Amino acid sequence: MYDGAHRTLDAILVDHPEWRQRGADGRPYPHGFGSWHSPYRAAYIDRWGRVARECGIDGIMVDMLFTGPHGGDYSPYTVKAFKDRFAEEPPDKEDPRDLTWQRWVDFQAWTREEVMLDVTEALHAVSPEIACIFNQTVGWIFSG
């Protein structure tokens, strides 16, 4: 199975727009995956577990697993998770020389890595033979 949400909106988010990723300006990202710190994450993982059980897939390729808005996901879910972990607000503008900015970018990558592990574990609970391939990227490199 192939899953990719670059330039499309994950169907889960049609029913739950509050789970969408948001830019630093608070606007929802128009396409892509949902906020990985929202209930979207569990719904996304549950969906793939259901597909694996019902369809007997032998593998999944998740393409463009990214944090979409320029500078990362600023949804209330992600901002809260960052503040809970580091006791500070995420920076709202890019500054590669700022250590908090670097931590914010790392936090986004760590989140995606956790999602990859969660999906893999859920699918391997169905069948340890299911191949899991992920293309993780910092999504805002596509903004020009």
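The values are calculated or read from the model by the stated rules, or taken from the named source; none is laboratory data. Computed from a predicted structure; not experimentally measured. For neighbour counting, all protein chains shown are included, and Cβ atoms are generated from backbone atoms with ideal geometry for every residue, glycine included. Only protein heavy atoms, including side chains, enter the accessible area calculation; ligands, DNA and RNA are left aside. Shrake-Rupley method; radii C 1.70, N 1.55, O 1.52, S 1.80 Å.
By how many degrees, 0 to 90 and rounded to 10, does the Cα axis of helix 99-126 deviate from the longest principal axis of the chain? Long axis of 99-126 versus the principal axis of the chain: about 10 degrees. Compared with the dominant Cα axis of the chain, that is its longest principal axis, helix 40-55 is turned about 20°. Relative to the longest principal axis of the Cα atoms of the chain, the long axis of helix 76-86 makes an angle of roughly 70 degrees.
For the chain, what is the charge dipole size about the Cα centre, in debye to the nearest 20, if Lys and Arg each add +1 at the Cβ and Asp and Glu each add -1 at the Cβ?
Numbers: 15 positive and 23 negative charges, 49 e Å.
The dipole of the chain has a size of about 240 debye.
Using a 1.4 Å probe on the protein heavy atoms, what percent of the accessible area of the chain belongs to carbon and sulfur?
On the way: 4010 of 7640 Å².
Percent of accessible area from carbon and sulfur atoms in the chain: 53.
Under 5 Å between amide hydrogens, built in the peptide plane, is the criterion, and for CYS132 it picks out ILE60 among residues at least 5 positions away or on other chains.
Go ahead and estimate [θ] at 222 nm for the chain from helices alone: -39,500 (n - 2.57) per DSSP H run with n ≥ 4, summed, over the residue count, rounded to 500. List each step's numbers first, then the result.
Values: 4 runs with 59 residues, N = 144.
Using -39500 (n - 2.57) per qualifying helix, the result is -13500 deg cm²/dmol.
A 1.4 Å probe, protein heavy atoms only, puts the accessible area of GLU121 near 110 Å².
Solvent-accessible surface (1.4 Å probe) assigned to TRP48 amounts to roughly 20 Å². The relative contact order of region 22-144, computed from alpha carbon pairs under 8 Å that lie at least 6 residues apart in sequence, is 40 percent. With the alpha-carbon atoms of the chain aligned to their principal axes, the span from lowest to highest coordinate is 46, 28, 26 Å, starting with the largest.
Hey, what's region 16-94 come to in accessible area per residue, 1.4 Å probe, Å²?
Dividing the accessible area of region 16-94 by its residue count gives 48 Å².
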